[in-house]
Amino acid sequence: MPLTADDIAALYDAHARSFVAYFARRVLDPEAAVDLTAETFAAAFVNRAKFDPALASGGDDPAVAWLFGIARNHVAMYFRAGAVERRAVAKLGVERPELTEPEFERIEELSELADLRRRVTLELDAMPPEHADPLRLRVVDELGYDEIAARLDITETTARARVSRSLRALAVRLEPYLPIEEPSNA
Amino acid sequence: MPEHFDDFPVLAGLGTSLRAAMADAEAAEATAAVPGAATPVDAAPERDRHTRRWRRGPRNFGALSSILVLGVVGTAAAAATLTVLRGSPIPAPRAADLQPAMTAKAETQRVLDLRAADPSGGGIPPYALRIGESQGGLTCVTVGQVDGDQFGIVGTDRRFRNLPPTLIDGCGQETGSGPAVAGARVLDATNYGDVRTVVYGVGNSELEAAALEIRGVARKLEVKDGAFLTVVPGYPEDSALTLRLTYEDGHTATHPLGASPLTALDPEGPAWRVETSVGMGPSKKGAARVCVSVRAARSAPKSPSSPPACALGRGPASGLQRDRWFFDIRTLGPGDQGSFDRDRAKWFWHDSPARTVVWGSVQRERVANISVHGPAGLVREQKPSINGGFAFVLDASVPASALTVVMTTKDGREHRFDRPQLPIGRIDS
């Protein structure tokens with residue numbers, strides 16, 4: 001039986017907080033985390049006919065597992081595009097209220113963002129300059145690979161390779177501090 | 001409103017909006033399913049119909065919006081539909097993010113009478129300026145649009161949202177030689193055709209005249225109480241926007257808002273940029289290699305790039321070119337691509353329209369002017385840029401073989417070429 005609007009509304013009531021924290025830990029941005037939450041539930045409604053409990057895996061509730069599948073896709077799209085996909089939100093005409101300052105801080109608390117930021121800074125500082133510099137130029141300064149190559153007097157191919165290796169190294173160092181499990185529906 | 005979000009108003013509000021939107025959509029589907037009922041498009045809620053009319057063939061030129069998420073103007077929308085769609089007011093910036101000198105006093109804010117119509121001519125709220133005084137006594141300005149008696153901005157969702165009094169674009173102080181605040185505000189968009197650049201200035205009590213050069217053609221601007229305002233399609237560099245201000249004492253000031261020797265105008269579309277790089281030469285022990293490429297000025301997925309035009313540097317570690325000039329002339333079209341440096345680097349024109357491109361570099365201490373001539377005479381010219389790189393991007397109807405490149409050296413002599421000048425040949429395949 002396909003999910004109804006009431007089903008999705010109930011899922012939202014039960015799990016929206018968890019999703020905001022889930023997104024915030026991954027994108028490190030409370031505003032984007034709320035946008036991603038809105039888009040995930042809007043997309044769930046738009047695609048509710050595709051939900052098949054038999055195919056959803058993991059956890060006690062197939063619908064929650066299915067929602068997290070949608071969430072994971074949107075996180076991947078966010079990193080690829082550098083912005084939140086808002087297709088389903090726009091299609092439905094969902095309004096996303098603005099975050100107040102206390103809520104901004106609340107989300108950071110919920111997702112322990114301050115700790116994660118400190119850890120990223122520590123790990124970056126601990127990396128050798130030839131690894132940390134290309135990474136900072138790419139991720140923090142948002143330079144293109146050609147500009148990084150010019151600044152560091154290396155070829156563009158070398159710049160790409162160094163950024164890629166550095167990201168992998170950083171991800172390995174941060175793994176103990178990142179949640180690998182998704183919140184349950186308990 | 002769900003009780004579980006009493007401490008989280010944003011989630012409560014989002015939940016309410018989501019519930020309402022889902023209920024509307026289910027009701028519309030139920031109506032559409034009834035025989036004889038209106039078609040899904042007609043029966044859809046106002047916002048969904050608007051969204052469908054809005055979608056267009058994409059040519060996304062990336063996301064270089066200026067402040068927050070304020071950009072985007074839709075085109076070809078009915079005025080009645082547009083003004084009915086209102087969104088939540090855009091929140092004021094957090095106090096912790098503001099400096100007193102740039103924090104506007106809400107009670108001093110007023111919207112000027114100046115209006116600028118959107119170039120599309122559709123039912124788009126006109127552009128306007130709101131000015132006020134900051135806590136530090138500076139003149140502050142906000143670019144926005146006026147809908148009735150409200151000052152705000154139309155977002156990417158076609159909804160008009162009020163701009164709070166403390167949200168400002170910039171502050172400045174009038175000096176004897178210039179306005180308090182003047183510049184270009186880019187309103188980005190998903191579709192390139194919807195991008196707008198608002199050119200404005202305030203606090204010019206001694207300003208006599210203002211003109212904006214758009215692709216080299218001057219447009220006189222109305223100056224009212226020391227302020228001016230106009231709006232142009234595209235990004236500033238796409239039209240090489242240049243602002244020229246004339247003051248009562250006769251002095252003039254020129255402000256290149258989008259014109260640069262390191263960008264090249266396209267015949268009709270987004271601008272290009274000239275990139276110079278220095279890398280290893282043909283041999284590891286040999287001289288460095290200086291190369292110039294032409295790319296879309298604003299990066300986006302599948303942005304076009306040209307093959308590199310290269311020449312030798314003056315030494316293994318020198319980024320200065322050995323030759324007075326080097327350049328390539330090619331017509332590049334959709335699907336063109338190539339590789340170089342033993343296939344480790346590639347260039348792609350992707351699906352960009354065909355263009356005939358002349359690009360390269362000169363020793364700026366020896367060259368005074370670079371010009372390109374076609375069968376009918378001068379096509380384009382420019383002075384050398386700060387690093388010598390240059391590019392001219394022409395319509396592909398002008399074949400490469402029909403062009404003559406003229407290098408005018410500082411001794412006044414002209415050196416004419418009707419073929420590329422690449423001392424080490426083309427390096428791509």
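Does A:Leu137 satisfy the condition of being within 17 Å of the chain's Cα centre (by Cα), crowded, with 19+ Cβ neighbours inside 10 Å, in a helix (DSSP H, G or I) and among the aliphatic types (A, V, I, L, M)?
No, not satisfied.
For the range A:49-75, what are the residues that are at pLDDT 85 or above, open to solvent by 30 Å² or more (accessible area, probe 1.4 Å) and of a type outside the set (D, E, K, R)?
Residues satisfying the conditions are A:Ala49, A:Pro62, A:Trp66, A:Asn73.
Mind checking which pairs have a first residue in the range A:41-54 that is at negative phi and a second that is among the basic types (Lys, Arg), Cβ under 7 Å, 6 or more apart or different chains?
Matching pairs, first to second residue: A:Val46/A:Lys91.
Can you find a residue in the range A:31-41 that is over 23 Å from B:Asp7 (Cα atoms), modelled with pLDDT of 90 or more and of a type outside the set (Val, Ile, Thr)?
There is no residue in the range A:31-41 that is over 23 Å from B:Asp7 (Cα atoms), modelled with pLDDT of 90 or more and of a type outside the set (Val, Ile, Thr).
Within the range A:59-73, how many residues turn out to be within 13 Å of A:Ala42 (Cβ to Cβ) and either without any contact (Cβ under 8 Å) to a residue 40 or more places away in the chain or among the charged types (D, E, K, R) (or both)?
1
Since A:Glu85 meets every condition but one in (1) open to solvent by 20 Å² or more (accessible area, probe 1.4 Å); (2) in a helix (DSSP H, G or I), which condition does it not meet?
Of the numbered conditions (1) open to solvent by 20 Å² or more (accessible area, probe 1.4 Å); (2) in a helix (DSSP H, G or I), the odd one out for A:Glu85 is (2).
Does the range B:226-234 include one or more residues that are part of a strand (DSSP E or B), without any contact (Cβ under 8 Å) to a residue 60 or more places away in the chain and buried (at least 16 other Cβ atoms within 10 Å of the Cβ)?
no
List every residue pair whose Cβ atoms lie under 6 Å apart, where the two residues are 6 or more positions apart in sequence or sit on different chains, the first residue falls within the range B:387-414 and is under 25 Å from B:Thr276 (Cα atoms), and the second residue, located anywhere, is hydrophobic (A, V, I, L, M, F, W, C) and open to solvent by 70 Å² or more (accessible area, probe 1.4 Å).
Listed by first residue and then by second, the contacts come to nothing, as the list is empty.
Any residue at all in the range B:208-219 that is farther than 27 Å from B:Glu268 by Cα and not polar (S, T, N, Q)?
Yes; the residues of the range B:208-219 include at least one that is farther than 27 Å from B:Glu268 by Cα and not polar (S, T, N, Q).
Please specify each residue of the range B:329-346 satisfying the condition of being part of a strand (DSSP E or B) and either more than 14 Å from every other protein chain (Cβ to nearest Cβ) or open to solvent by less than 60 Å² (accessible area, probe 1.4 Å) (or both).
B:Ile329, B:Arg330, B:Thr331, B:Leu332, B:Gln337, B:Gly338, B:Ser339, B:Phe340, B:Ala345
I'd like the full set of residues that are at pLDDT below 85 and away from every other protein chain (no Cβ under 13 Å), limited to the range B:303-328.
Hits for the range B:303-328 are B:Arg314, B:Gly315, B:Leu320.
Name every residue in the range B:384-429 that is part of a loop (DSSP other than H, G, I, E, B), of a type in the set (A, V, I, L, M, F, W, C) and surrounded by 12 or more Cβ atoms within 10 Å (Cβ to Cβ), in order of residue number.
B:Ala396, B:Val398, B:Leu403, B:Leu422, B:Ile424, B:Ile427
Considering only residues that are open to solvent by less than 30 Å² (accessible area, probe 1.4 Å) and out of contact with any Cys (no Cβ under 7 Å at 6 or more places or on another chain), look in the range B:276-290 and name the one that is modelled with the highest pLDDT.
Applying the filter and picking the extreme gives B:Ala288.
Does B:Ala253 fit the bill of being among the hydrophobic types (A, V, I, L, M, F, W, C) and either within 17 Å of the chain's Cα centre (by Cα) or open to solvent by less than 50 Å² (accessible area, probe 1.4 Å) (or both)?
The answer is yes for B:Ala253.
Could you tell me which of the residues A:Arg96, A:Arg86 is among the basic types (Lys, Arg) and facing chain B (nearest Cβ under 7 Å)?
Just one listed residue meets the conditions, A:Arg96.
Name the single residue that is nearest to B:Pro164 (Cα to Cα) among those in the range B:106-118 being in a loop (DSSP other than H, G, I, E, B) and open to solvent by less than 60 Å² (accessible area, probe 1.4 Å).
So, considering only residues that are in a loop (DSSP other than H, G, I, E, B) and open to solvent by less than 60 Å² (accessible area, probe 1.4 Å), the one nearest to B:Pro164 (Cα to Cα) is B:Gln109.
Just one of B:Asn191, B:Asn204 is more than 18 Å from B:Leu112 (Cβ to Cβ), modelled with pLDDT under 85 and open to solvent by less than 50 Å² (accessible area, probe 1.4 Å); which is it?
Checking each option against the conditions leaves just B:Asn191.
Of the residues in the range B:347-378, how many are assigned to a strand (DSSP E or B) and surrounded by 15 or more Cβ atoms within 10 Å (Cβ to Cβ)?
18
Looking only at the range A:99-120, filter to residues that are open to solvent by less than 80 Å² (accessible area, probe 1.4 Å) and away from chain B (no Cβ under 14 Å); which one of those is nearest to A:Glu39 (Cα to Cα)?
The extreme case among them is A:Leu113.
Kindly establish whether B:Arg196 is at positive phi and surrounded by 20 or more Cβ atoms within 10 Å (Cβ to Cβ).
Considered against the rule, which asks whether it is at positive phi and surrounded by 20 or more Cβ atoms within 10 Å (Cβ to Cβ), B:Arg196 comes out as no.
Go through (1) part of a loop (DSSP other than H, G, I, E, B); (2) more than 19 Å from A:Val94 (Cβ to Cβ); (3) within 13 Å of another protein chain (Cβ to nearest Cβ) for A:Leu3 and report which single condition fails.
(2)
Just to be sure I understand the filter: pairs with C-beta atoms under 6 Å, separated by 6 or more residues or on different chains, first member in the range B:9-23 and more than 7 Å from every other protein chain (Cβ to nearest Cβ), second member of a type outside the set (A, V, I, L, M). Which pairs pass?
These pairs meet every condition: B:Ala12/B:Phe5.
Each row is one residue, and each column tells you yes or no for (1) in contact with a Lys or Arg (Cβ under 6 Å, 6 or more places away or on another chain); (2) within 21 Å of A:Thr121 (Cβ to Cβ); (3) of a type in the set (S, T, N, Q).
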{"site": "A:Thr4", "(1), (2), (3)": "no, no, yes"}
{"site": "A:Pro30", "(1), (2), (3)": "no, yes, no"}
{"site": "A:Thr37", "(1), (2), (3)": "no, no, yes"}
{"site": "A:Phe41", "(1), (2), (3)": "no, no, no"}
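Search the range A:148-165 for residues that are facing another protein chain (nearest Cβ under 9 Å) and assigned to a helix (DSSP H, G or I) and pair each with any residue that is surrounded by fewer than 20 Cβ atoms within 10 Å (Cβ to Cβ) and among the basic types (Lys, Arg) when their beta-carbon atoms are under 7 Å apart and the residues are at least 6 apart or on different chains.
Within 7 Å, the pairs are A:Thr157/B:Arg344.
What's the total number of residues in the range B:258-275 that are buried (at least 17 other Cβ atoms within 10 Å of the Cβ), assigned to a loop (DSSP other than H, G, I, E, B) and at pLDDT 90 or above?
5
In the range A:9-21, what residues are under 14 Å from A:Ala71 (Cα atoms) and either facing another protein chain (nearest Cβ under 8 Å) or surrounded by fewer than 24 Cβ atoms within 10 Å (Cβ to Cβ) (or both)?
Hits for the range A:9-21 are A:Leu11, A:Tyr12, A:His15, A:Ala16, A:Arg17, A:Ser18, A:Val20, A:Ala21.
Report yes if B:Arg130 is part of a strand (DSSP E or B) and crowded, with 22+ Cβ neighbours inside 10 Å, otherwise no.
Considered against the rule, which asks whether it is part of a strand (DSSP E or B) and crowded, with 22+ Cβ neighbours inside 10 Å, B:Arg130 comes out as yes.
The values are calculated or read from the model by the stated rules, or taken from the named source; none is laboratory data. On a predicted model such as this, the values are computed, not experimentally measured, just so you know. Counting neighbours? That spans all protein chains shown, and the Cβs are built from the backbone with ideal geometry, glycine included. What goes into the accessible areas is simple: the full protein's heavy atoms, side chains included, and nothing from ligands, DNA or RNA. Shrake-Rupley method; radii C 1.70, N 1.55, O 1.52, S 1.80 Å.
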